[in-house]
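A.B. asks: Please find one structure pasted underneath; my questions will follow.
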Amino acid sequence: MARTDSGYNNPYALIQLGPTVYVQIGYDPNYQPSPGQRAQLPPERWRALVDTGAMESAIDADLANSLNLPVLAHNRIAGAGGLFETTVYLAQIYIPELDFTIDGPFDSVSLAASGQPYYALIGRTFLRHFNMAYEGRTGSVIISND
């Protein structure tokens, strides 16, 4: 059973930062999604917000550029600030505590440049594989596959 506490065990920290996981981001052209297989990604871990308001996951634009991720396309997407242009990158996002890889195209968003403490947003397409228990009173957020 994979499980991680993505909260802070402090309700005020959870309010400020939201549910957070640490991820590895990169692109392994030889990765084939199948049980027991992992993409070979850089070892750095980046803070990612588990964003229940986002359908898809996204990667910070500056980070994607610095990692030289392959560009697939340019896209217009809607966010909290309205419609905007984005670059779509091919990548893998690996969540070590859950031993889970999100593979595919990711829109890029300006997170760090806009003062956010995240380098990725993890959306609802990820959450469909897991259970998430959000306890606002205690600040605990448990994500598990049980």
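The values are calculated or read from the model by the stated rules, or taken from the named source; none is laboratory data. Because the structure is predicted, anything quoted here is derived from the model rather than measured. Positions of Cβ are backbone-derived with ideal geometry, glycine not excepted, and every protein chain shown enters the neighbour counts. Each accessible area value is taken on the protein alone, full model and side chains, heavy atoms only, with ligands, DNA and RNA left out. Shrake-Rupley method; radii C 1.70, N 1.55, O 1.52, S 1.80 Å.
A.B. asks: Any chance you could run the full-extension gain for residue 135 through residue 32? It's 0.36 nm times the residue separation minus the Cα-Cα distance, nm to one decimal.
C.D. replies: Taking 0.36 nm per residue and subtracting the Cα distance, the gain is 33.5 nm.
A.B. asks: In square angstrom, what is the accessible area per residue of segment 1-129 with a 1.4 angstrom probe?
C.D. replies: Normalised by residue count, the accessible surface of segment 1-129 is 55 Å².
A.B. asks: May I ask you to evaluate 6.51 cos²θ - 1.76 cosθ + 1.60, the Karplus curve with θ = phi - 60°, for each residue of segment 58-69 and list the ³J(HN,Hα) values in order in whole Hz, giving x for glycine and proline?
C.D. replies: Coupling constants for segment 58-69: 9, 10, 4, 4, 5, 5, 4, 5, 5, 7, 6, 5 Hz.
A.B. asks: For residue 67, which sequence-distant residues (separation of 5 or more, or a different chain) have an amide H within less than 5 Å of its own amide H, given hydrogens modelled in the peptide plane?
C.D. replies: Amide H neighbours of residue 67, under 5 Å, 5+ apart: none.
A.B. asks: What does the extension gain come out to for residue 55 and residue 68, with contour length at 0.36 nm per residue minus their alpha carbon separation?
C.D. replies: 2.2 nm
A.B. asks: Same structure again: Would you mind working out the magnitude of the charge dipole of the chain relative to its Cα centre, with +1 at each Lys and Arg C-beta and -1 at each Asp and Glu C-beta, to the nearest 20 Debye?
C.D. replies: 180 debye
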